[in-house]
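The values are calculated or read from the model by the stated rules, or taken from the named source; none is laboratory data. Note that this is a predicted model, so its numbers are computed, not measured. Glycine gets a Cβ as well: all are built from the backbone with ideal geometry, and neighbour counts include every protein chain shown.
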Amino acid sequence: MPFLQKVHDKRITTVICLFFLFTLAMILPKAAYAAITSVPVTLRIDQVFTKNSSALGVNSVFSYTLTSRDAGNPMPAGSISGTYSFTADGTVSKNIDPISFNNTGIYRYEIKGNTFFSAAGYSYDNEVYSLTVYVRQPADHLVAEITVQKSDGSKVGRIEFKNTYTPLASKPEIMVDPPVKKTVSGNPSKASTFTFLLTAKNGANPMPQGSINGVKTITITGSGTKDFGTWQYTREGTYYYTISEENTGQSRYTYDTTVYTITDVVKDVNGQLEVTRTVTNGSNKQVESCIFINKYSGGSSGGSGGSGGSPGGSKGSGSSNGPGIGIANINGPDADVPKSGAPQTGTPEVDVSQAGIPQAGLPQAGVPQTGDNSRYGFYTTMFWGSFMAAAFCLIYLIFAGRRKTEETAKAIDK
């Protein structure tokens, strides 16, 4: 019987071993499955930073927040009360610390930029993204799928924030606007109108209102002062303009050909564009205003007008018997010019008390003056009269000489 006992013991041992192996077969797969039931998810954001300035020290670091929309959602390491904060510098792609999911389910999150303050010149992306993580188990492991939506409900393939720094535009009200000052020398009978141009070196330069294709035009009648107006800059840089007078071809005027140059240096100062302006003349010397002097060389025909449109141009004297010779007006109409009181009879008017004595700075009576058209007829008549008298004398002498010769010949024959 000992033999049967041994066989029985072996059978019991075999059953026990099989049961043990079966138990291990049931336990080991579950242990292996539990070891791979965690799936990590890494979120990535793209930050684009545009800096429209050459200024140094412009902040390019922006902060963001990832928030759980459901209590108990897994969060990245370092989160506090369902909130995870991080930063990104400049234009960069940023990976958020991974989130580990151990169970299937639907997990919802929200991510947005932080705009705790509004600094001058900065424009922040205020988009709020909604993230949904779907965790499922197709076989012996977990799989995560992510859906991203913008605030308007549209689905997108990535999380992107665009931030911009652009300094505020310059202030036109504090821009130095150099005036155009027009002066007319001479004594025109009436004031004329003159045209001035503000021209941008680059047609894309900012210009004042009323400009056309980079040119602003203003007019001044007689002598006077006028401005072109101001404008603002939205970009840093150096801008050039010129101020000049347009030659409109008015008779007897010599135009001022000076060209003034405006140089505007625009820089970012603490988020605000500021303009440093320099105005130079044709000799590259800095000036405060643009002065143009036009010379009138014709004689006045009486009446008012003259320089700057003010009354009191010089007056030419004369009568019905013939033109007189006027005295040039130096300090105003008829200033300190003595009158003889005698009517004009074709003889130039001369102050008897000053006859023969040259006057400093004044044209001499009886001497034609350049551009004095009022006396042109008088001198022409005098010239032709003298010419005819000389011709008559010459003919008379020739005739008298022949007659004398004939008389002499007759006397000899006798």
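Results, tabulated for the structure shown:
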| quantity | calculated |
| --- | --- |
| Contacts under 9 angstrom Cβ, first residue in segment 239-266 being in contact (Cβ under 8 Å) with a residue 24 or more places away in the chain and on the phi > 0 side of the Ramachandran plot, partner assigned to a loop (DSSP other than H, G, I, E, B) and surrounded by fewer than 20 Cβ atoms within 10 Å (Cβ to Cβ), 6 or more apart | 252/186; 252/297; 252/298; 252/371 |
| Residue match in segment 180-203 (condition: free of Cβ contacts under 8 Å to residues at least 40 places away in the same chain, loosely packed, with under 14 Cβ neighbours inside 10 Å and in a loop (DSSP other than H, G, I, E, B)) | yes |
| Given (1) within 21 Å of residue 149 (Cα to Cα); (2) aliphatic (A, V, I, L, M); (3) surrounded by fewer than 16 Cβ atoms within 10 Å (Cβ to Cβ), index of the condition residue 77 fails | (1) |
| Sole exception among (1) over 22 Å from the mean Cα position of the chain (by Cα); (2) within 30 Å of residue 223 (Cβ to Cβ) for residue 179, by number | (1) |
| Meets criteria (within 18 Å of residue 198 (Cα to Cα), surrounded by 14 or more Cβ atoms within 10 Å (Cβ to Cβ), in contact with a Cys (Cβ under 7 Å, 6 or more places away or on another chain) and not aliphatic (A, V, I, L, M)) for residue 255 | no |
| Residues satisfying the stated conditions in segment 109-158, i.e. among the acidic types (Asp, Glu) and not in a loop (DSSP other than H, G, I, E, B) | 110, 145 |
| Residue match in segment 77-93 (condition: polar (S, T, N, Q) and in contact with an Asp or Glu (Cβ under 8 Å, 6 or more places away or on another chain)) | yes |
| Of the criteria (1) of a type outside the set (A, V, I, L, M, F, W, C); (2) within 41 Å of the chain's Cα centre (by Cα); (3) over 24 Å from residue 85 (Cα atoms), which one residue 164 fails | (3) |
| Odd one out for residue 86 among (1) in a loop (DSSP other than H, G, I, E, B); (2) without any contact (Cβ under 8 Å) to a residue 24 or more places away in the chain | (1) |
| Among (1) on the phi > 0 side of the Ramachandran plot; (2) free of Cβ contacts under 8 Å to residues at least 12 places away in the same chain - the single one residue 121 does not satisfy | (2) |
| Candidate set: segment 251-273, residues that are out of contact with any Lys or Arg (no Cβ under 6 Å at 6 or more places or on another chain) and charged (D, E, K, R); chosen: the one farthest from residue 170 (Cα to Cα) | 252 |
| Residue under evaluation residue 194, criteria (1) under 16 Å from the mean Cα position of the chain (by Cα); (2) modelled with pLDDT of 95 or more, criterion not met | (1) |
| Residue tally, condition farther than 16 Å from residue 179 by Cα and either aromatic (Phe, Trp, Tyr) or touching a Lys or Arg at 6+ places or on another chain (Cβ under 9 Å) (or both), over segment 274-294 | 4 |
| Top-ranked residue of segment 373-394 - restricted to ones that are modelled with pLDDT of 70 or more and within 27 Å of residue 188 (Cα to Cα), ranked as surrounded by the most Cβ atoms within 10 Å (Cβ to Cβ) | 381 |
| Selected residue [in contact (Cβ under 8 Å) with a residue 12 or more places away in the chain, more than 30 Å from residue 233 (Cα to Cα) and in a strand (DSSP E or B)] from 164, 67 | 67 |
| Any chance residue 85 is of a type outside the set (Asp, Glu), closer than 30 Å to residue 122 by Cα and either within 56 Å of the chain's Cα centre (by Cα) or at pLDDT 95 or above (or both) | yes |
| Counted residues, segment 117-167 - those being loosely packed, with under 13 Cβ neighbours inside 10 Å and in contact with a Pro (Cβ under 7 Å, 6 or more places away or on another chain) | 0 |
